[in-house]
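First up is the structure itself, then whatever we jot down about it.
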Amino acid sequence: MALQVLVVDDSGVMRSMVTKAVKMCGLDIAEIHKAKNGLEALELMRHEAIDLLLIDINMPLMNGEEVVTEMRKIVELADTAVVVISSEGSAARVHRLQDLDASFIKKPFNPSQLREILDSLIDDRDKVETVHDTADSSLSF
Amino acid sequence: MTQQTQASVSDVIAEAVERSFSDTAFMTAVPGEDLSPDEVAWTSSCVEFSGPLKGRMTLRLSSSLLPELAANIMGEDDLPSVEDQIDALGEMVNIICGVILPGINEGDDVYRIDSPHTPPTASAESKHNFEMNFAVDEGYAQLILAVDEGL
């Protein structure tokens, strides 16, 4: 299934850089949406079914961690795959993001490093979906 | 500051600049002590940082390389705007700074790195200064790390 991707960063240069890296990963991408802050991202995700969110930490209005925390409270967004991108990668921050079921990648990164993270993230989601599908089909019998 | 500290900080700077240019802009940055890019027209971007180390980091790049740097970072075939070119240099110094600071202290410390800006022409004196030149494609880069506190 082709992925709907959302890239969130207050820097236009970084939005383009992450978009370029995602395109170079070789994943099956349907569309790459962009937002320049957390509020805009949440608003967009209310109308578009996003499979994968790539989000910066340090942004005005609402930072990346706050966006993910908010998403996890919304049923429709609770299972969305998230990769947080930052140039600051302290263990405390990474642990907090893991608690939010989000992956983390530290800048600088190249497309193959991003692909590795996306593969494991998407594999995990597929496994969860398979379990849900099996449960659904057993219910339908 | 001991010679060993000086050498290890230089190693951290070299590795951070090489990797950041390669991964982010697909450009090769090679450190060289014998480089003397005195006649180069530079474009500069600077970030202030605080935490266990406090100071500022400036990245200077041959102005002729700026369009290529921005286009490579952004993945665009067309020439990025001048504003995007300056922003791209700012993002680069931000990324490099995020690698160098934890590399120097090797702890799990948290640093605050402020938004990149164009540095004033006359830079303030600092307690410790590191300067390293790099050959980048057909031009040069220069990384200047000024540490006021923490070393």
Index of the failed condition, A:Leu44 passing every other in (1) buried (at least 18 other Cβ atoms within 10 Å of the Cβ); (2) modelled with pLDDT of 95 or more = (1)
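May I ask you to say which residue of B:Ile113, B:Ile100, B:Ile104, B:Ile86 is facing chain A (nearest Cβ under 10 Å) and touching a residue at least 60 places away in the same chain (Cβ under 8 Å)?
Details: B:Ile100 fails: facing chain A (nearest Cβ under 10 Å); B:Ile104 fails: facing chain A (nearest Cβ under 10 Å); B:Ile86 fails: touching a residue at least 60 places away in the same chain (Cβ under 8 Å).
Answer to the check: B:Ile113.
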Which listed residue, of A:Glu65, A:Glu70, is modelled with pLDDT under 95, within 20 Å of A:Arg96 (Cβ to Cβ) and charged (D, E, K, R) = A:Glu65
What pairs can you find where one residue is in region A:104-118 and of a type in the set (D, E, K, R), the other is in a strand (DSSP E or B), and their Cβ atoms are less than 9 Å apart, with a gap of 6+ or different chains?
-> A:Lys106/A:Ile85; A:Lys106/A:Ser86; A:Lys107/A:Ile85; A:Lys107/A:Ser86
Taking the options B:Ser45, B:Ser20, name whichever one is within 30 Å of A:Val94 (Cβ to Cβ) and part of a strand (DSSP E or B).
-> B:Ser45
Which numbered condition trips up A:Met59, out of (1) buried (at least 18 other Cβ atoms within 10 Å of the Cβ); (2) part of a helix (DSSP H, G or I); (3) within 14 Å of chain B (Cβ to nearest Cβ)?
-> (2)
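Return a yes/no flag: does region A:69-86 have any residue that is polar (S, T, N, Q), more than 17 Å from A:Arg46 (Cβ to Cβ) and assigned to a helix (DSSP H, G or I). So that I can check it myself, show each step before the final result.
Just the residues of region A:69-86 that are polar (S, T, N, Q), to begin with: A:69, A:80, A:86.
Filter once more, so that each one left must be more than 17 Å from A:Arg46 (Cβ to Cβ): A:86.
Restricting the remaining residues to those that are assigned to a helix (DSSP H, G or I) gives none.
Within region A:69-86 (the criterion being polar (S, T, N, Q), more than 17 Å from A:Arg46 (Cβ to Cβ) and assigned to a helix (DSSP H, G or I)), the answer is no, since none of the residues qualifies.
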Regarding A:Leu114, is this residue surrounded by 14 or more Cβ atoms within 10 Å (Cβ to Cβ), at pLDDT 85 or above and within 14 Å of chain B (Cβ to nearest Cβ)?
-> yes
Here are some conditions: (1) more than 14 Å from B:Asn133 (Cα to Cα); (2) within 13 Å of chain A (Cβ to nearest Cβ); (3) acidic (Asp, Glu); (4) in contact (Cβ under 8 Å) with a residue 12 or more places away in the chain. B:Glu68 meets all but one. Which one does it not meet?
-> (2)
Taking region B:19-50 and the residues there that are surrounded by 14 or more Cβ atoms within 10 Å (Cβ to Cβ) and without any contact (Cβ under 8 Å) to a residue 24 or more places away in the chain, the one that is farthest from A:Lys106 (Cα to Cα) would be B:Ser22
Which one of the conditions (1) without any contact (Cβ under 8 Å) to a residue 12 or more places away in the chain; (2) not in a loop (DSSP other than H, G, I, E, B) does B:Asp78 fail to meet, given that it meets all the rest?
-> (2)
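The values are calculated or read from the model by the stated rules, or taken from the named source; none is laboratory data. A quick note: this is a predicted structure, and the numbers were derived from the prediction, not measured. Quick reminder, even Gly has a Cβ in these numbers, built from the backbone with ideal geometry, and neighbours come from all protein chains shown.
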